[in-house]
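All remarks here apply to the structure that follows.
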């Protein structure tokens, strides 16, 4: 009776293995026959009721059944593996004798597109485009901009400090310092570039992003000059009139200082994650250059004065193209970048 049961389990298992259409069905057949609660496991529990001679015959039959089932399972798995590999090779096959598809054109990153437009605009107004190192000294990044070691403004810029005492620049303003020291007045310059801040990343903040600083040093420069150049910049970039507001702001390197905000172009004013539900995006900190900054760069503030501004190129690109998450710009996702 037990021998017939084992033989029946063997036949049913082999039939299920051969008819299995995929790996899941094959695994189900294995568990049914060889699992801890499978047919053969249950059959072995009946051995204690058999006479010694019957037990020997049943044991031999049970081992033969297990071996036959395991061999069939292995053969079927190998067949599935061969079929999978064959399908993959056929789907991924490339005819190397075909001619190359040719050059696939790329495009500029959206931040680079905005930067290029601003550079062309300011060059047309007599400004020079300057560049500077991303690894800066504490003097150029803070001290020369009227931000000494005990100044509270340092707390607003979470800095990446290096082990050699240098730092990753927190803004592109150090390029203004180098420009004043090297070129002297009169001076019209802009400084686009990558900056770094140890900030928590969210929809409107990144630890690595792009800024653009601008400066004009001459005689009798006023706030009116500043507003003119800022409005010219914004109308050129957005190609339409935009709603802005100018409010007092404190920055150690300008006096007086202002915050120029733009009405959020993502939501139009009601509020969204980009503008932190306020309807406004801080875009252009600006003001007249502080006399101390001029002095530390070797310029006499009694003879010369000027204005300076800084804007976030990354945020400007978000406003320009309606991008609602700053993290997309540095993601490297071609599905996103191909839209530009």
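I'd like the orientation of helix 2-19 relative to the chain: the angle between its Cα long axis and the longest Cα principal axis, in ° from 0 to 90, rounded to 10. The answer is roughly 40 degrees. Per residue, the average separation of C-alpha pairs within less than 8 Å and at least 6 apart gives the chain a relative contact order of 14 percent. The label point for residue 100 and the one for residue 116, both projected 7 Å from the Cα toward the Cβ, are 2.3 nm apart. The slack in the chain from residue 85 to residue 324, taken as 0.36 nm per residue of separation less the alpha-carbon distance, amounts to 81.8 nm. Taking other C-beta atoms within 10 angstrom as a stand-in for reagent exposure, 24, 143 fall in the order 24, 143, fewest first.
The overall shape of segment 185-234 is prolate: from the C-alpha gyration tensor, with semi-axes ordered a ≥ b ≥ c, the ratio a/c is 1.5 or greater and a/b exceeds b/c. When the P(r) is computed for segment 205-340, the part past 22 Å accounts for 44% of the Cα-Cα pairs. Inter-part distance, segment 288-340 to segment 239-268, computed on C-alpha centroids, equals 13 Å. Our compactness index for segment 89-228, the C-alpha radius of gyration over the empirical 2.2 N^0.38 Å, is 1.47.
Placing R0 at 41 angstrom, the Cβ-Cβ distance between residue 246 and residue 92 gives a FRET efficiency of 0.10 after rounding to 0.05.
Arranged from fewest to most other beta-carbon atoms within 10 Å of their beta carbon, 210, 139 become 139, 210. Here the calculated FRET efficiency for residue 340 and residue 124, from their Cβ-Cβ distance with R0 = 30 Å, stands at 0.80, rounded to the nearest 0.05.
Counting only alpha carbon atoms, the long axis of helix 110-124 and the longest principal axis of the chain meet at about 20°. The angle between the Cα long axis of helix 52-92 and the main principal axis of the chain comes to about 40°, on a 0 to 90 degree scale. Distance in nm between label sites at residue 109 and residue 25, each 7 Å beyond Cα in the beta-carbon direction? It works out to 5.1 nm between the two label points. Reported to the nearest whole Å, the Cα centre-to-centre distance from segment 122-147 to segment 162-194 is 2. Modelled spin labels at residue 194 and residue 220, positioned 7 Å past Cα toward Cβ, are 4.4 nm from each other. Straightening the chain between residue 292 and residue 70 buys 71.4 nm, computed as 0.36 nm per residue apart minus the Cα-Cα spacing. One equal scatterer on each Cα of the chain, no solvent, Debye formula: the resulting log10 I(q)/I(0) at q = 0.10, 0.11 Å⁻¹ is -0.68, -0.77.
Every number here is computed from the coordinates shown, using simple stated rules; none is lab data. None of the values given here were measured: they were computed from a predicted structure. In this analysis, Cβ positions are derived from the backbone assuming ideal geometry, glycine residues included, and neighbour counts consider all displayed protein chains.
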